[in-house]
Each structure stands twice: as C-alpha cells, then as structure tokens.
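Below is one structure, written out as structure tokens, with a few remarks after it.
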C-alpha cells in the first residue's frame, strides 16, 4: 500500500472506532434482543447526551465571545467600551466593543492577549488527552501496528495524523475560539470554514506533541511513575481551563489581564500567533506571506518532532521493564510491632474501627496514586482556580465577610470530591466487579458502606472551609448556623445521589477504561448539585427547606432505582421487572404542578374557579397517564382505591387519623389567630368563591394528591425503609409543596394519611381523612369570618 493509503486507513480506523464507541453508548438498546420474555434494557440516553453536546458547544462559543469582547475593552488602549457606574464599579459595553472590532484591525495588545488564549487552548488540546489516557497500561495499539507490513515512518506519520483527526478535545477547545475571532475579523459567514482550516493547522502540532510525550514517558518511566505523571497532567488541565474562562469575566480585570498584557511579543511568531495574524490579514499579499510562514513553521516543527519520535523508538516500541511486577515484602506481625507508636495506633484504629469494606476502599485509595490525586487534590485545585481567576476573593480573610460564598465554596468542594470518589464506586472495581456478587453480603449493603465512608471523608473539606470562615468572622448571627446546617445536610444527600447515579453511569462491560463511566450522568449530577447550591444563596427559609426535602427524596428515589438495577448490572440484556417506585411519584408530582401552570395560561381570569378547574384537570390527566403506563408495563405495586379493602379497618383507621389531623389543624389555627399570619389565612375565608374552594379542597385535592403522595411516593418509599421513616419523608414532601404558612399542619396531615394508608392498604381511607381535614379547617375559617 502507498503511504497515503496507509495513513487514510489508520485515520479511518480510529474515527470508526470512536464512532462505534459513541453510538454504542447512546443506542445500545437497539442492539439488545429480548430474552425469555424480558423486555430488555431501554435507554433514552442519546437525547440527554445530544442536549448536553449542544449545550457544551453553545457554552464554549459564548465563552469565546466573552473573552474577545472583554479583551477588547481592557487591552485596547483606544477602546471606549469600559464605563464606571455610580457605585464605582467597572462594566463593559459589549455593543461598543463589537463596533470597535468591526471598524479596524485588532490592536497589537489585543492580538497579544488572543495569542495567549490560543496558546492556552493549544496546551489543553495536548495535556487533557494525556491526562485522560491510562498511561500505565501497555500501548497495545502501537505494538500491534508495527507488525503490519508497512514502513515504520509511514506508521508514525499515520499515528500522528489519525490522532489529529480524532482529538475531540482539541476540536472543542480550538474551533469556537477561532470561529469567533474569524467572525469579528470580517469573515462573517465563512468564519466556520476559516476556523476549520486554522484548527487543521494546529491539530497536527498538538497531536505530535502529545505523541512525543506519550511515547517518551512510556519508554523512560515505570508504571508507578506513569500513574503519578498522569495524575499531574490531569491536575494541570483545570487551571488552564479556568484561566481561559477568567479571561471572559468582566470582574477579572486584574491578575489574568495583567498576564495578557505581559505575554511576550515573540509568541506572536509561534503557530498560534501566526494563525491569528493570518486570520487578521488585510490584503492578499499579507495573507500569502503569513500563511506561507505559518505552513513553513508547521512543516519544520512536524519534521523535527518526527525525527525525535524515531529516536525514541530506535530500540523498539516496548519498554523492557514496563510489564515487570514490583514485589513488595509482606507485612508481618513483627513489622506492626516495630512500627512507631503513632502508626501502630492508626493501624489499630483502622483495623478495629472500620468495617472490611471501608478498610478495603481506603487501601485501594492509598495504592492508586492517580485516583488519590484526583479525589483529594483535584477539588481543591478546581475551587482554588475559580477563586484565583474569577476575582471573587483576594484572600482567605474575605471568607469571614462573605458567609454565603464560603458556604457555597464548602458545598462545591464536597460535591467535587463526591463526584470523583463516590460516583466512581462501581467503576473502580473494574473487571472484577463480579466478585462483589460472590461475597456473603448484598451489593446494596456494600454500596451503603462506601457511601457512608465517602460522605464522612468529604465532610472534612467543608469543615475546613467553614472553620476558616469562622476564624475570620468578627460578628456571628443565626444565618451562619443555617448555612452550616444546609451544607452539613447536603453532603450525605449528595453522597447517596453520587453512588446511585454511579450505578447507572457504570458500564462494566466496556473494554476501554475511559468509557466505563457515561459522562451524561456526570452532567446530571452537577445539574442537581447546582439546584442545591441555589438554595444556599436563597434568603427565604422555606425555599431552603423545599430544596432540601426534594433533593433528599430524589436521593432516596435514585437509590431505590439503583438497588433494583444491581442484580442485572452484569447482564446487558436483562432489566429489573417494572414496579411502582418513589421516582414515579416525584415525576407524577412534577407533571401535576407543571400541567396546572399550563392550563392556567389559557384562563381568561386567574380566579378560584380557574385554579380549581386546572387542579382537577391536571390531577385526572396525571392519574390516567400513570395508570396507562402501569397497565402497559404490567408494573407491580400499583395503588388501589377500594380493591381488597377491609371496610372496618379502613373506616376505623380513617376516623382516628381524621380526629388527630383535625385537632392539630384547629389548634394551629387558634395559635396564629392573634398573629400577623391570620390576615393571610382569612383571605380564602372572605372570598366570594367559597363553593369552588370547597370543591377544590374537599373533592379534587383528596382524590389527586392522595394517589401521588400516598399511593406512589409513600408506597415507593415503603419498599426501601421502615414505615415510620417512610411516613415522615412522604409527609415532608407533601408539606413543602404547600404554602409556607401551612407546612406544619399539613405535615401532621401527611403523617396521619400515611398511617391510614399503611393500615388499610387502599387509598379510600386516606382520601376520607384528607377530605374531612380540609372541610373542618375551611369550616372553622368561615365561621371565624362571620
């Protein structure tokens, strides 16, 4: 074969492999045939992945636009887009910046800053693939290629060029920035083509540098040191990413912009700088001169890199010591006896205070340097990079002044630690995951212990941040205690969420280590974490409570789903039988409230009649859809209204529960009658739509809400926990979806109806309790308004 044909086949093979891996993860359910009547696993993961890909592309493009406009405002001496408001804060007028960029060629300081940005993105395209690859594993790909009847030089050129085409990280890093620069340089609708050509010039250089580092390190270093270097490479990525992100932040006119101003001018003659000069060429002659110089420089660098690569492989492609095992002396009782006193105490505590599962997890953490660095150091680097580059904090002492920010940083650190540890629980087992199914313990109990361990270890990071905040705080108030409790409650909740999502994200059948975790679930985890972070910034206590209860219920629902999937994890064609779960109830509740909002959009007037109609229509729709889904899937545990009911037990339980709930409700109303809250309560009593209020409260609410909150949510929780915790959790979810003024009595009502459902096993009894309670409370209100 010719050299061109060989390189083309190698590139095509690499791209085909990437395509197959990508589509296999997205559309796997299409290739799995049902077996023994089992419906097989179904997945709509491709929809979420497609949305996340579009979101990432939009985010990278927006970031590139912000970087260019921010640099124009702060680096161009002639720019007039920076203005100062009445409080003395600086802001950018981006419309003026756009007009300035279109009116004239980029200023020299701006080109210098953009060269720094492209250089950083180029380094990301080199270092991130290096950190993501398992360097300690033998490079079987290259060892297989050299057995082909093709000259080694051709294979090496093919190796570099196929890595150029398949470096998706490089494409994502370079294309948005180059496209934005080309657009504002006057290329407009040809900007995408210009960006593609510019990236095609830089990608081979990134692939050559990556190949030189990868090959050289494999040849020179043993596996243990390769793991350390891989960890270091992984840690270097994030500061570079945050540095580029900080260039687009208007408040970052300090450290990062000073770096852009001080960036050496000679960097403009490097390939990234010459790419910018070529894009900015003002005439054909200048374009030809810059393009010729750029291509000549690229050819020289590629030739020099290939020469060095040949020198690295002059003795073959296998390091003689790469597969040699390192023998360690076994640890004996005598060694424990002769160990220092402190070490003996720590080992004794480890042996006696922790279970075997937790000791094993810590031992694996200490042996895997890469995992240890990513778990313990990476979150610190992430948060530290954000603090340094985004201009939010200039020193640790400012944590004493910004308590909410300190709580958000503490929770963010914990979330990152859990994402890199608890989320990887099953993935870290690798191909020996099947061993967990052979031990005389359930896999669920093993996961519980791991979640407890990582939740406990993770609490150290928030504790340190909050301790620093307390040290520098001069004046304490109750809001600080609320922030501490919010963070302390969030860490165990998200430890459970991380382990649960890790079960769905883990693919033990994947051959490539990098594809054993589906990144879509990582994005979902971060999305849920951002929802909880919003509650930290919220000033309303009821909003904090709502978010806390909803995330806790989501954690329980995900844990239940994960527990049901564990027995089928190693069988790619089997799936758990359909059953009613807590997640179904949460989905039904969400759909119930969304449908109400949609129906009210078409109402001519937002009165009680419209609210009652929207409530009833939404409840009937959700009930019908859920029953249809359960009927089609033949799910077990579907709640019944009267089927199988013991009339005497149900009515007796309903009478007792209604008495307790109504007594608590009336007592609460009497307690707030002489407070400022009473005026808000009486708004419903003096309304002219009392008939619609009664219809809503006595008929629609019991019928719709009991099916969702008792039948689905409580019924799902009851499968995973004892009755009392399930009652409390379902009552808390039921209470937080009501107005803050009624949370306490509604919580008691939720406990009473859940107890009634537990006793009667049907929905009619809790519906009666709910209806009697609402009728009693409204009747008492109406009587007080006379």
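The values are calculated or read from the model by the stated rules, or taken from the named source; none is laboratory data. Just so we're clear, the structure is a prediction, and the values are computed from it rather than from any experiment. So basically every Cβ, Gly included, is an ideal-geometry build from the backbone, and we count neighbours across all protein chains shown.
In the stretch 525-557, which residue that is free of Cβ contacts under 8 Å to residues at least 12 places away in the same chain and assigned to a helix (DSSP H, G or I) is nearest to residue 406 (Cα to Cα)?
Filtering first and then ranking leaves 530.
For the stretch 471-508, how many residues meet the condition of being over 22 Å from residue 425 (Cβ atoms) and in contact (Cβ under 8 Å) with a residue 40 or more places away in the chain?
Residues in the stretch 471-508 being over 22 Å from residue 425 (Cβ atoms) and in contact (Cβ under 8 Å) with a residue 40 or more places away in the chain: 11 in total.
Here is a list of conditions, (1) closer than 20 Å to residue 371 by Cβ; (2) buried (at least 18 other Cβ atoms within 10 Å of the Cβ); (3) at pLDDT below 80; (4) under 33 Å from the mean Cα position of the chain (by Cα), and residue 134 meets all of them except one; can you say which number that is?
(2)
Just give me the residues in the stretch 531-542 being touching a helix residue (DSSP H, G or I) at 6+ places or on another chain (Cβ under 6 Å) and closer than 20 Å to residue 734 by Cβ, in sequence order.
535, 542
Just checking, does the stretch 462-473 include any residue being more than 14 Å from residue 559 (Cβ to Cβ) and not in a helix (DSSP H, G or I)?
yes
Which one of these is more than 24 Å from residue 720 (Cβ to Cβ) and surrounded by 14 or more Cβ atoms within 10 Å (Cβ to Cβ): 431, 402?
Exactly one residue qualifies, and that residue is 402.
Listed residues 510, 489, 505; which is more than 30 Å from residue 574 (Cβ to Cβ), assigned by TED's automatic domain parsing to the domain that holds residue 415 and either at pLDDT 80 or above or within 23 Å of the chain's Cα centre (by Cα) (or both)?
So the residue among 510, 489, 505 that is more than 30 Å from residue 574 (Cβ to Cβ), assigned by TED's automatic domain parsing to the domain that holds residue 415 and either at pLDDT 80 or above or within 23 Å of the chain's Cα centre (by Cα) (or both) is 489.
Which residues, taken from the stretch 566-607, are in the same structural domain as residue 503 (by TED's automatic domain parsing), out of contact with any helix residue (DSSP H, G or I) (no Cβ under 6 Å at 6 or more places or on another chain) and part of a helix (DSSP H, G or I)?
Of everything in the stretch 566-607, those that are in the same structural domain as residue 503 (by TED's automatic domain parsing), out of contact with any helix residue (DSSP H, G or I) (no Cβ under 6 Å at 6 or more places or on another chain) and part of a helix (DSSP H, G or I) turn out to be 567, 568.
Counting only residues that are out of contact with any helix residue (DSSP H, G or I) (no Cβ under 6 Å at 6 or more places or on another chain) and assigned to a loop (DSSP other than H, G, I, E, B), which one in the stretch 224-282 is modelled with the lowest pLDDT?
Within the stretch 224-282, the match that is modelled with the lowest pLDDT is 254.
Please go through the stretch 584-618 and pick out each residue that is within 25 Å of the chain's Cα centre (by Cα) and either modelled with pLDDT of 85 or more or surrounded by 20 or more Cβ atoms within 10 Å (Cβ to Cβ) (or both).
Those that are within 25 Å of the chain's Cα centre (by Cα) and either modelled with pLDDT of 85 or more or surrounded by 20 or more Cβ atoms within 10 Å (Cβ to Cβ) (or both): 584, 585, 586, 588, 589.
Could you please let me know if residue 178 is out of contact with any helix residue (DSSP H, G or I) (no Cβ under 6 Å at 6 or more places or on another chain) and either closer than 17 Å to residue 274 by Cα or assigned to a helix (DSSP H, G or I) (or both)?
Spelling it out, it is not the case that residue 178 is out of contact with any helix residue (DSSP H, G or I) (no Cβ under 6 Å at 6 or more places or on another chain) and either closer than 17 Å to residue 274 by Cα or assigned to a helix (DSSP H, G or I) (or both).
Quick one: is residue 617 out of contact with any strand residue (DSSP E or B) (no Cβ under 8 Å at 6 or more places or on another chain), farther than 30 Å from residue 449 by Cβ, part of a loop (DSSP other than H, G, I, E, B) and free of Cβ contacts under 8 Å to residues at least 24 places away in the same chain?
Against the criterion (out of contact with any strand residue (DSSP E or B) (no Cβ under 8 Å at 6 or more places or on another chain), farther than 30 Å from residue 449 by Cβ, part of a loop (DSSP other than H, G, I, E, B) and free of Cβ contacts under 8 Å to residues at least 24 places away in the same chain), residue 617 does not qualify.
Hey, can you tell me all the residues within the stretch 567-583 that are surrounded by fewer than 18 Cβ atoms within 10 Å (Cβ to Cβ) and more than 24 Å from residue 631 (Cβ to Cβ)?
567, 570, 571, 572, 573
Answer yes or no as to whether residue 558 is buried (at least 19 other Cβ atoms within 10 Å of the Cβ) and in contact with a strand residue (DSSP E or B) (Cβ under 9 Å, 6 or more places away or on another chain).
In short, no.
So is residue 439 in a helix (DSSP H, G or I), in the same structural domain as residue 484 (by TED's automatic domain parsing), farther than 16 Å from residue 354 by Cβ and modelled with pLDDT under 85 or not?
Against the criterion (in a helix (DSSP H, G or I), in the same structural domain as residue 484 (by TED's automatic domain parsing), farther than 16 Å from residue 354 by Cβ and modelled with pLDDT under 85), residue 439 does not qualify.
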